[in-house]
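The values are calculated or read from the model by the stated rules, or taken from the named source; none is laboratory data. Nothing here was measured: the structure is a model prediction, and the numbers come from that model. Every residue, glycine as well, gets a Cβ built from its backbone with ideal geometry; the counts of neighbours run over all protein chains shown.
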Amino acid sequence: MPNIIKNLMPLCLMLSIPISNIIYCLLNNANRGTHSLVTDLDQSVPFLKIFILPYLLWYFFIFGTLSYFCFKNKRIYYRTLIAINLGLLISYAIYFFFQTNVPRPDLVGNDFLTMLIAFVYNNDQPYNAFPSIHVLLSFLMIKAINKYPGKNYYNVCTVYTIAILIILATQFIKQHVILDLLFSMVLGGLIFDLVFHINLERLGSWLRRQYQWLNVRKRSANGIDELKSPSKQLGVRY
């Protein structure tokens, strides 16, 4: 319990992900026109209902993996969370300027898996596809576990297995096309490497110095204004 309380504030930073999802919802439409990235290869990808299960597992996977890093290694946690939020913002910008659509199959049957897919289809319009946020964040989890100093056979296999199943699921339940998948992994790799190569401590120190310098200039400017004021010079009181 004390460990949970100690990490409560860092864990709350994960709320930035669902909060930014508001932007996703606002952009998830065809109001700005859409483009199709469907290729012949996409036409040959089968529709497999069973993959709705790992697709829905994504939510627990992302927050569970981030929580694990929060307790085990704060550096990995904070930088991965920064990479996630940066990736989300870039994705939203792309959705705004280059909206795509993904054709979906007609659902047949009333079995449990079909109902789950229908639930996803009804609550997530076939837009905001390039890049895939499911693929982007899952790939970032793979990058993070590779960077984690305490990685072992079990945590690596767990993260890799779930992440790969989720990435495949985006194809097999027809939520994304292949180009969405490929671009998401390239984008995720670039963002992750950028965030982990930046010296955040030095950047934070530089920003603090700039802030202090601006405060000094502001105080100096206020002091000069007071000296120039006629009332100050004449000792007039109001």
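For this structure, a couple of remarks:
- Residue within the stretch 174-192 that is farther than 30 Å from Gln125 by Cβ and in contact with a helix residue (DSSP H, G or I) (Cβ under 7 Å, 6 or more places away or on another chain) present: no
- Options Pro103, Pro149: the member that is in a loop (DSSP other than H, G, I, E, B), surrounded by fewer than 15 Cβ atoms within 10 Å (Cβ to Cβ), touching a residue at least 12 places away in the same chain (Cβ under 8 Å) and over 23 Å from the mean Cα position of the chain (by Cα): Pro103
- When residues in the stretch 141-172 are screened for being within 18 Å of Thr39 (Cβ to Cβ) and β-branched (Val, Ile, Thr), 2 of them pass.
- The residue of the stretch 46-69 that is farthest from the chain's Cα centre (by Cα), among those that are among the hydrophobic types (A, V, I, L, M, F, W, C), farther than 30 Å from Asp106 by Cα and surrounded by 20 or more Cβ atoms within 10 Å (Cβ to Cβ), is Phe69.
- Checking Ala129 against (1) of a type outside the set (Asp, Glu); (2) over 20 Å from Lys49 (Cα atoms); (3) touching a residue at least 40 places away in the same chain (Cβ under 8 Å), the condition it does not meet: (2)
- Scanning the stretch 5-36 for residues being at pLDDT 95 or above, β-branched (Val, Ile, Thr) and outside any loop (DSSP other than H, G, I, E, B) gives a total of 4.
- Residue match in the stretch 44-62 (condition: part of a helix (DSSP H, G or I), in the same structural domain as Met185 (by TED's automatic domain parsing) and closer than 19 Å to Leu187 by Cα): yes
- Within the stretch 155-169, residues that are farther than 17 Å from Tyr59 by Cβ have Cβ atoms under 7 Å from residues that are surrounded by 15 or more Cβ atoms within 10 Å (Cβ to Cβ) and among the β-branched types (Val, Ile, Thr) in these pairs: Asn155/Ile145; Val156/Ile145; Tyr160/Ile142, counting only partners at least 6 apart in sequence or on another chain.
- Where a residue in the stretch 65-89 is in a helix (DSSP H, G or I) and its partner, wherever it lies, is small (Gly, Ala, Ser), with Cβ under 7 Å and at least six apart: Phe69/Ala144; Lys72/Gly150; Ile76/Ala144; Thr80/Ala144; Asn85/Ser16; Asn85/Ser20; Gly87/Gly188; Leu88/Ser20
- Condition check for Val135: surrounded by 15 or more Cβ atoms within 10 Å (Cβ to Cβ), assigned by TED's automatic domain parsing to the domain that holds Val45, without any contact (Cβ under 8 Å) to a residue 60 or more places away in the chain and of a type in the set (A, V, I, L, M): yes
- Selection status of Asp180, of a type in the set (Asp, Glu) and either at positive phi or touching a strand residue (DSSP E or B) at 6+ places or on another chain (Cβ under 9 Å) (or both): yes
- Test for Ala83: is it of a type in the set (A, V, I, L, M) and in contact with a strand residue (DSSP E or B) (Cβ under 8 Å, 6 or more places away or on another chain): no
- Tally, over the stretch 120-145, of residues that are out of contact with any Gly (no Cβ under 9 Å at 6 or more places or on another chain) and either outside any helix (DSSP H, G or I) or within 30 Å of Cys157 (Cβ to Cβ) (or both): 13
- Taking the stretch 18-43 as the range and being out of contact with any Phe, Trp or Tyr (no Cβ under 8 Å at 6 or more places or on another chain) and aliphatic (A, V, I, L, M) as the test, the residues that pass are Ile19, Ile22, Leu26, Val38, Leu41.
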